[in-house]
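Values quoted throughout were computed directly from the atomic coordinates according to the rules given, and no laboratory measurement underlies them. None of the values given here were measured: they were computed from a predicted structure.
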Ligand SMILES: [Mg+2]
């Protein structure tokens, strides 16, 4: 078992959340980079919420911690005081299954939101679906579900402040 989390966790996708197709930033290896302004929105939202642990659900989690692009991600987050507390594991784009398994292993997590620009298998898990914010860049986040969970509504309200 890993370390204990804060009670609130943000499951974070990167591409489509902290960048968009029009992002001009590049990673050291030449892939689409990360926009500081979007990391700042995430950091301010989390701060306003009273803190959160960040669990990486993005494909970026497949990179080795020593990979220069992974280090780039870590440094981009660190500029705004954000650190990655863990990451999910999944296969075949079953990101919902990966998050569901993570939550089962970490019963101390009471509240969470999921930031992602894709639906994947999330709708197969009603609790995840109610906590999914679909993004086109974090500043354009919207509820996936018609009846989102309360913490998701609060989180989105805060995103809109920044
Ligand atoms: Mg994405």
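Comparing 33, 137, 50 in a Gaussian network model of the chain where C-alpha atoms under 10 Å apart are linked, the largest mean-square fluctuation is found at 50.
Rounded to the nearest 500, what is the 222 nm mean residue ellipticity of the chain from helices alone, with -39500 (n - 2.57) per DSSP H run of 4+ residues and division by all residues?
One gets -9500 deg cm²/dmol as the mean residue ellipticity at 222 nm.
Of all DSSP bridge pairs formed entirely within the chain, close to 20 percent run antiparallel. On full extension, the segment bounded by residue 62 and residue 153 gains 29.8 nm, given 0.36 nm per residue less the C-alpha separation.
Comparing mean-square fluctuations of 12, 73, 132 from a GNM of the chain with C-alpha springs under 10 Å, the top value falls on 73. For the chain, relative contact order (Cα pairs under 8 Å, six or more residues apart, normalised by length) works out to 28 percent.
At q = 0.09, 0.11, 0.19 Å⁻¹, what log₁₀ I(q)/I(0) does the chain have when each alpha carbon counts as one equal point scatterer in the Debye sum? Calculated log10 I(q)/I(0) at the listed q: -0.25, -0.39, -1.29.
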